Amino acid sequence: MNKQYSLSKKILRREFWTGMLLLVVAAVTLEATSLAQFFFTQKSVTEIASKRAEENLENAKVDILNILNQVETAIHNDIWMVRACLPIRDTIWKVTEHVVKENPSIVGSTVALVPGYYPDRPLFSPYSFKDVETGEITHKTLASEGYDYPSKQWFIEGLTHEEGFWSEPYLDVGGGDIMMTTFSMPVRDYEGRIAAVITADLSLDWLKSVFDDVVIYPEAFSMLFSREGQIMVSPVETLVMHNTIQEVSKQFTDTAAMRDFTDAVLSGKSGNLKVHGKKSFSHVYFAPIERTGWSMSIVIPNDQILGDIRKHNRIIMLFQLIGLLMLVLILLAAHRNQKKYKKLTENEEKMEQELEIARGIQMSMIPKTFPPFPERNDIDIAATIVPAKEVGGDLYDFFIKDEHLYFCIGDVSGKGVPASLVMAMTRSLFRAVSSHEKSPRHIVNVLNESLTDMNENDYFVTFFCGVLDLSNGHLRYCNAGHNTPFILTDSVKKLPIVSNLPLGIVPDYDYQEQDTNIIYDDALFLYTDGVTEAENIDHKLFGEKRAETILHTRRSPQDHLNTIYASIEKFVGEAPQSDDLTMLFIHFTNESLRNPSQWRLVLRNDIKQIDRLTEFIDMIAQKTGIDPDLTLSVNLALEEAVANVIQYAYPEGTEGEIKVDASARKDSIRFTISDTGQEFDPTATPETDISLGLEDRQIGGLGIHLVRKIMDRVSYKREDDKNILTLTKTIRKNNGS
């Protein structure tokens, strides 16, 4: 005893330290996960910031180019006016005034004549500009001693750039007297000579407002550089037009990065790089503005991008520490109670696992895919099973073989695992026996013998077995003490049932089989007593009447089951489920039986299928009241005709179909046999002389001879690659009519 107690203590101690080790591993894993999460979040946020910065630079470029395009377009459109005014130079004032007046973004314009173009006036440059605040237009001449326009960049470059040239930004002393940039391009006279340069002055004040919108973080800032590196826009006003990018770059400690940045800007490249400072680094994004030689940049400190993430990460880490502390406390508490509940937990877990496995095995044995036969349009089925415990004793099953639907439903006495084992055995026996047996009576007899032989614990099974011929709606069934199914026709009623004992009670019991015919749109509802005997908290039963009322409203099979189950749940309320609940709904939808005077049978080219033809003709005779002797004759003729098709229409080894359509009138019945086999007209066969002896008679022909003698009319045609043989017979009814 002491050894066992000591061993138990060692196990508990080992499990405690194992738990502590797992806690440490969990803490390390949690911290590693947090760091990985922070890394990937940081990467993602940085990528988002980069994308936003690049998008903002692109938007700023678009805004700037829109203004520049307006200026360029205005100048291009007015060149013809200058050319027209060159012969009368005093009218050139009208051109400059027009440029300024008609274009809000242009603050000044001049037409500067090439020196010496007018012999009497070596220099001539009328200039119009407007007051930025009042909009008043003023005129003056740039051809003065204080302003040597031929030496200005806008004039020199304007002469050589046919598509125009944007000058470096400058303070236009003596001109517009504002910070501006000038767009200039040459003007040729009608003889093709360069006569002048026309310009448009653009104030740079609006650029600051454009770049204010580029900033996406409080401590971020943007800058604009000219072609030669002059600072055009900066958050530090003292740098604007007084410093260059080269001068500013020298103030940074990360000289290599700033050198790369300076080279990229001056060469008109776009991209991004990191510039390291004393404590952190900044992300620098830059892009050129085409045609101008300008470059834009945004500088975003890394702390601005990751500040919120780091703050949130610290909060998360705090909560993680609190969580780990709570885990330690929980582990200690669990260790104190582990000895008390260890054995109970192990037993419960083992039982739950076994029951879960048993439930999985049990559920895997029954069909669960609905609709089960989506390729068919003659049958629709839905079923459900809800055990009262983890496993139960209810069962259902169905399958199609040789155009017959085999189906069953059953209820094993008792609950739990023993009942589930009997259920599994019953279902397996049903599959095994029905695979080679067509009679429900024989199937039930075999099941009863097997169950009584093995029934040492006095279990019994209520069981209903049915076989439905899908071609004609003929239903054969045998009930072994099970709940009476409902049949849904034009009304809802109980299926006629002969009382038989449940399976497993009496050996050698002779079960009785019954049959009936169902037509298009008829349905069967089969259920176990878990449906009708479902109890509410007042111990009242759900009952058959409630189920019957629901069935009166036609629905799809699955909707029927859902509605009934929902009604049961609502009726039962908080009361626990007292019994297994199983339902099976079969809806017969064979369109060929929709018209009661027309029938169809589809056969394979297999001589064994002739038995189905006999059942088909017997069913028609029963529905139409044909005289039995006449039925026998018609059956003989149809067998000969169909057997002839089975044997000769399709090449050996080839599968094919033979369709037999029947339609009844008041005084006749007509059969149409069609196939897609080789073309053959049996009516073209010469009449057989039966008076000749066997040695003198030609081989073959007796079959069609028999058909001709029995049927009143026989005709053949080949249509749409089909052989169509039509047989008509005048009928006599059993009542002599």
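The values are calculated or read from the model by the stated rules, or taken from the named source; none is laboratory data. Just so you know, these numbers come straight off a predicted model, no measurement behind them. Every residue, glycine as well, gets a Cβ built from its backbone with ideal geometry; the counts of neighbours run over all protein chains shown. Ligands, DNA and RNA are stripped out before the accessible areas are found, and what is left, the full protein with its side chains, is counted by its heavy atoms. Shrake-Rupley method; radii C 1.70, N 1.55, O 1.52, S 1.80 Å.
A few remarks follow.
- Length released on extending from M326 to T549, taking residue separation times 0.36 nm less the Cα-Cα span: 74.6 nm
- Solvent-accessible surface (1.4 angstrom probe) belonging to D213, in square angstrom, nearest 10: 120 Å²
- Matching the structure-derived semi-axes √(5λ) of the Cα gyration tensor in Å against the labelled list (1) 47, 39, 28; (2) 97, 50, 22; (3) 49, 37, 21 gives the label (2).
- Ellipticity at 222 nm from helices only: DSSP H runs of n ≥ 4 in the chain, each -39500 (n - 2.57), divided by the residue count, give -14000 deg cm²/dmol.
- About the Cα centre, charge dipole magnitude for the chain (Lys/Arg +1, Asp/Glu -1 at Cβ), debye: 2120 debye
- The equivalent ellipsoid of segment 180-323 has semi-axes of 42, 16, 13 Å, largest first, where each one is the square root of 5 times an eigenvalue of the Cα gyration tensor.
- Phi to ³J(HN,Hα) by Karplus 6.51 cos²θ - 1.76 cosθ + 1.60 over segment 111-124, Hz, x for Gly, Pro: 10, 9, 6, 4, x, x, 5, 9, x, 7, 9, x, 10, 8
- Sorted largest first by accessible area at a 1.4 angstrom probe radius, with every protein chain in place, the residues K152, K279, K311 fall in the order K279, K311, K152.
- The residues of the chain have, on average, 53 Å² of accessible surface per residue, using a 1.4 Å probe with all protein chains present.
- Radius of gyration and Dmax over the Cα atoms of segment 410-558, both given in Å: 16.3, 48
- Here the Debye sum runs over all C-alpha atoms of segment 181-231 as equal scatterers in vacuum, and log10 of I(q)/I(0) at q = 0.12, 0.15, 0.18, 0.27 Å⁻¹ comes out as -0.49, -0.62, -0.74, -1.05.
- Among L581, G653, A637 - extreme Cα towards positive end, dipole of segment 544-691, charges at beta-carbon: L581
- Helix 628-648 vs. the chain, principal-axis angle (Cα, 0 to 90°, nearest 10): 50 degrees
- Expressed in units of 2.2 N^0.38 Å, where N is the residue count, the Cα radius of gyration of segment 68-160 is 1.06.
- The angle between the Cα long axis of helix 92-102 and the longest principal axis of the Cα atoms of the chain comes to about 40 degrees, rounded to the nearest 10.
- Positive-end residue of T728, M241, I626, charge dipole of the chain with Cβ unit charges: M241
- 5 angstrom amide H check on E657, placed H, neighbours 5+ away: T676
- Overall form of segment 231-288 per C-alpha gyration tensor (a/c, 1.5; a/b vs b/c): oblate
- The stretch between R259 and L21 holds 80.4 nm of extra length on full extension. This uses 0.36 nm per residue minus the Cα-Cα distance.
- Annotation: D189 carries an accessible surface of approximately 20 Å², with a 1.4 Å probe and no ligand, DNA or RNA atoms counted.
- Between helix 440-454 and the chain: long-axis angle, C-alpha atoms, 0 to 90°, nearest 10: 90 degrees
- Given +1 at the Cβ of Lys and Arg, -1 at the Cβ of Asp and Glu and no other charges, the dipole of segment 447-510 around its Cα centre is 440 debye to the nearest 20.
- Sulfur and carbon atoms: percent of accessible area, the chain [1.4 Å]: 54 percent
- 3J(HN,Hα) from dihedral phi, segment 268-276, Karplus parametrisation 6.51/-1.76/1.60, rounded to Hz, x for glycine, proline: x, 9, 10, x, 8, 7, 9, 10, 7
- Cα-centre dipole for segment 1-116 with unit charges at Cβ (Lys and Arg positive, Asp and Glu negative), debye to 20: 1300 debye
- For segment 46-85, with +1 on Lys and Arg beta carbons and -1 on Asp and Glu, the positive-most of W80, N56, T46 along the dipole: W80
- Computed accessible area, K389, all protein chains, 1.4 angstrom probe, square angstrom: 120 Å²
- When the listed pairs K152/K250; K415/K494; K368/K493; K208/K279; K94/K208; K51/K208 are checked against a 26 Å cut-off, the alpha-carbon distance exceeds it for K152/K250; K415/K494; K368/K493; K208/K279; K94/K208.
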